[in-house]
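J.: Right, I'll just put the structure down here and ask away after.
Bear in mind that the values in this text are calculations on the coordinates, not laboratory data. Model, not experiment: these values are computed from the prediction. Please note: Cβ atoms are built from the backbone with ideal geometry, for glycine as well, and neighbour counts cover all protein chains shown.
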Amino acid sequence: MNIAMTLQMAASNGDRPAVTADGRSLSAARLLDLARAAAGRFRDYPAVLYLGTSHLAYPVALFGAALAGVPFVPLNYRLGGQQLDGLRTRHPGALVLGSGDLDQLLDPPGPANSECPAPDGQSAAVLLYTSGTTAAPKAAVLRHRHLLAYVLNTVEFGSAAGGDAALVAVPPYHVAGLANLLTNLYAGRRVVYLAAFGAREWLETVRREKVTHAMLVPTMLARIVAEVPGADAGTPTLRSLAYGGARAPRPVVERALRIFPGTGFVNAYGLTETASSVAVLSSEDHRAALTSADPAVRDRLGSVGRALPGIEFQVRAEDGELAGPGQSGLVFVRASRSPESTAGTARWTRMAGSPLGTGAGWTRMATCSSRGVPTTPSSAAASSGAPRSRASRSVADRVSQGIRSSRTWCSAPRTERTGEMACWLSPSSWTCMDIAAVAMTPAACRASMASVAKALPS
């Protein structure tokens with residue numbers, strides 16, 4: 001079991017372009033040949049560190065490492081030299097691919113080596129470094145079976161139309177960049193990379209490449225909305241726009257829905273540790289919320305929607321018991337994304353993170369440190385548009401953000417405020433996110449709210 005299986009299957013599409021970047025394209029068949037050539041080089045190293053942008057060489061390096069049976073480690077090239085040196089020292093002997101090495105992967109000196117070992121599904125496919133709220137980067141281990149199970153459970157092979165194209169503007173070290181490559185290749189949809197994001201460049205690329213699908217983080221969406229002066233963005237081919245990675249301001253989402261009238265919006269929430277999305281607010285839910293006169297329905301624009309198939313959420317109180325409506329607690333998630341669970345047995349796979357003490361595959365979404373500031377696994381929905389919170393930030397600062405972003409905080413009878421999430425417990429299985437919230441008891445929450453009330457705008 002290997003993520004390269006998605007590329008091998010996609011190669012059956014012949015010479016149709018599969019990946020485009022900077023005006024150059026590769027078919028899946030050519031990408032597979034280049035990946036095999038890269039694998040022959042990579043197999044002599046314990047890992048492959050990628051320090052480049054969204055280049056055509058990115059999928060070559062990813063699948064080359066997969067075929068060689070070594071972990072692929074995309075690093076944040078925006079980090080300072082000292083920080084990057086610290087990450088590199090964690091992988092002694094690894095091959096480092098910088099920006100000057102990438103074109104060489106597209107023009108290998110020799111033929112492909114087809115004798116590379118095939119790693120089992122338990123092997124690490126990708127290591128994604130993420131800081132969470134504790135500042136020190138930690139590697140989230142994404143195994144082949146995790147990533148393949150995500151692809152196979154969410155995408156139908158070859159389901160994309162012949163002219164479909166997906167624009168990816170997030171960097172390679174973001175889990176959404178990885179997930180978008182794998183799922184779009186498997187679906188047969190051309191992937192278009194934007195190496196450096198700019199609102200005007202993004203709109204121009206959508207029009208020029210006739211992009212049908214796109215993925216953004218909320219800060220990018222806000223810049224695009226600000227770039228459009230009129231009532232229509234003028235992107236008639238764009239059918240689907242997914243966003244995630246942070247809390248999206250509701251006014252931004254509402255205006256985006258209006259200036260992209262023919263586009264279906266999807267809010268995808270997930271963690272790096274869960275191999276991408278675990279909950280989705282669908283395009284139908286977006287449009288229904290925008291036009292509804294019911295405040296409860298309109299509030300769903302601030303929700304991350306419903307759990308995906310095979311995903312289960314629970315809200316647990318401090319004693320570990322299930323929390324009831326109106327009670328504060330912590331969110332736990334588990335997923336049956338391992339292919340073993342498709343045989344009819346309830347074998348839950350712990351994707352990563354801190355399991356619940358009782359086992360059973362539960363992963364804690366937020367924990368409360370002694371300072372009262374949540375320590376969480378990195379989330380694809382971290383922070384509310386501001387820089388990621390550090391453990392040194394005060395509880396008052398966090399609560400202040402929470403009050404600004406929500407009129408209902410600990411006391412709302414129908415919501416569950418839980419550090420990284422608030423789960424709607426009725427009337428249906430809605431999962432609402434408020435990442436600015438702090439995991440604490442209702443009494444502590446009210447006390448902290450009162451302590452910062454004077455500092456808030458009226």
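J.: How would the stretch 147-194 be classified by its alpha-carbon gyration tensor: rounded, prolate or oblate, with rounded meaning a/c under 1.5 and the a/b versus b/c comparison settling the rest?
T.: On the way: a/c = 3.35, a/b = 1.13, b/c = 2.96.
Because a/c hits 1.5 or more and a/b fails to exceed b/c, the stretch 147-194 counts as oblate.
J.: Go through 52-59, 265-272 and give me the packing order, highest mean Cβ count within 10 Å leading.
T.: Details: 52-59: 23.2, 265-272: 25.2.
The peptides rank, most packed first, as 265-272, 52-59.
J.: Between rounded, prolate and oblate, where does the stretch 2-65 land on the alpha carbon gyration tensor, with a ≥ b ≥ c its root eigenvalues, rounded for a/c under 1.5, else prolate if a/b exceeds b/c?
T.: Working: a/c = 2.30, a/b = 1.31, b/c = 1.76.
Since a/c reaches 1.5 but b/c is at least a/b, the shape of the stretch 2-65 is classed as oblate.
J.: Now for a separate question. Distance from the Cα centre of the stretch 201-263 to that of the stretch 288-336, in angstrom?
T.: 26
J.: While we're looking at this one, here's another question. Quick one: what are the phi-derived ³J(HN,Hα) couplings along the stretch 146-160, Karplus 6.51/-1.76/1.60 with θ = phi - 60°, whole Hz, x for glycine and proline?
T.: Running phi through 6.51 cos²θ - 1.76 cosθ + 1.60 with θ = phi - 60° gives 5, 5, 5, 4, 4, 5, 5, 8, 10, 10, 8, 4, x, 7, 6 Hz.
J.: Principal axis extents for the stretch 179-235, Cα atoms only, whole Å, descending order, please.
T.: 36, 21, 18
J.: A follow-up question, please. Give the shape of the stretch 4-302 as rounded, prolate or oblate, defined through the alpha-carbon gyration tensor: a ≥ b ≥ c are the square roots of its eigenvalues, a/c under 1.5 means rounded, and otherwise the shape is prolate if a/b is larger than b/c and oblate if not.
T.: On the way: a/c = 1.85, a/b = 1.55, b/c = 1.19.
Prolate.
J.: Could you tell me the relative contact order of the stretch 4-302? Use alpha-carbon pairs under 8 Å, at least six residues apart, and round to a whole percent.
T.: About 14 percent, as a whole number.
J.: Cβ neighbours within 10 Å, averaged per peptide: list 185-194, 40-49 in order, most packed at the top. Let's see the in-between values first.
T.: On the way: 185-194: 24.4, 40-49: 18.6.
Result, highest mean Cβ count within 10 Å first: 185-194, 40-49.
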